[in-house]
Amino acid sequence: MTSPARDALAARLRAAGSVFAEDEADLLLEAGDGDPARLRSLVQRRLGGEPLEYVLGWAAFDGHRIRVTPGVFVPRARTTVVVDQAARRLQRYDRVVDLCCGAGAISVALLGRVGALDLVASDIDPDAVSAAAENIGDRGIVVEGDLFAPLPDRFRGVVDVIAVNAPYVPTSSIAMMPSEARDHEHRVALDGGSDGLDLHRRIAAGAGEWLRRGGSVVIEVSVAQAAESVAVFEASGFAASVESDDDVDGTCVVATRAD
């Protein structure tokens, strides 16, 4: 609903470069909750270039509000392609690993779509693990460590789906990312190595030990990297294909354990 205060705030945000100034104004006014001092602080943070999601304390993803804290990777709409492909391969109570889970957005979305799951979310960033634990609550387990290392042994060889949004930005391309990502999100959540696929190679090498026969890795990737990612998984014995969703500009590789 328009008002002089809302219009004035939207004008300030637009002048600072906001593309969706009216929407941001509404969200900031909601977060201010009628407290002028709180609203002023939030607006100053946003005008200073802090990502809106950190200012609000949450990011919208697949119909959910995902709690995010400064430095933690902010979930993007394109990652719903991973949720789509994972969800269609799952039934209630199946075993799922949300690898490189960030704030746990994929976990929350899968729980919302599929229902109760035997779910473990893992990340190497302690700030991400803290946010994911808050978002997932008692609906899953959140562990901290490098890729598969912290997973419980009872998951070995029985996982139905490993859903992944691993870092896939080539190191040299990070400097060209938007400031809101480059200057605010932890580098460990962005840097995928020289060609962006370092984590894909490590996941392809290790996933077979954790998946059941017929289980799948569903992993986000860019269009430009998709064919090479498929080749990486095929070299590790998976049957792999590229899936995409033009509505969200999302691409992923689905790699299924055949043996």
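The values are calculated or read from the model by the stated rules, or taken from the named source; none is laboratory data. Please read these numbers as outputs of a predicted model, since none were measured by experiment. Cβ atoms come from the backbone with ideal geometry, glycine included; neighbour counts cover every protein chain shown. Keep in mind that these areas ignore ligands, DNA and RNA; they rest on the heavy atoms of the full protein, side chains included. Shrake-Rupley method; radii C 1.70, N 1.55, O 1.52, S 1.80 Å.
So the values come out like this:
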| item | result |
| --- | --- |
| Carbon + sulfur, % of accessible area of the range 104-145 - ligands and nucleic acids excluded, 1.4 Å | 48 percent |
| Cβ-based charge dipole, the chain, positive-most Cα from 227, 250, 129 | 129 |
| Where a label projected 7 Å from the Cα of residue 20 along Cα→Cβ would reach, residues of the range 239-253 with amide N under 16 Å | 247-250 |
| Range of Cα positions in the chain per principal axis (Å), largest first | 64, 39, 31 |
| Relative contact order %, the chain, counting alpha carbon pairs below 8 Å whose residues are six or more apart | 16 percent |
| Ellipticity estimate at 222 nm from DSSP helix runs (n ≥ 4, -39,500 (n - 2.57)) divided over the chain, nearest 500 | -10500 deg cm²/dmol |
| Values of log10 I(q)/I(0), in the order q = 0.12, 0.22 Å⁻¹, for the range 164-245 under a Debye, Cα-only, solvent-free model | -0.37, -1.02 |
| Mean projection area, nm², convex hull over Cα of the range 16-115 | 7.3 nm² |
| Where Rh is the Kirkwood radius over Cα pairs, Rg/Rh for the range 76-169 | 0.92 |
| For the range 162-207 versus the range 93-132, the gap between their alpha-carbon centres in whole angstrom | 18 Å |
| Quotient of C-alpha Rg and 2.2 N^0.38 Å, computed over the range 25-74 | 1.12 |
| Surface accessible to a 1.4 Å probe, per residue, for the residues of the chain, Å² | 45 Å² |
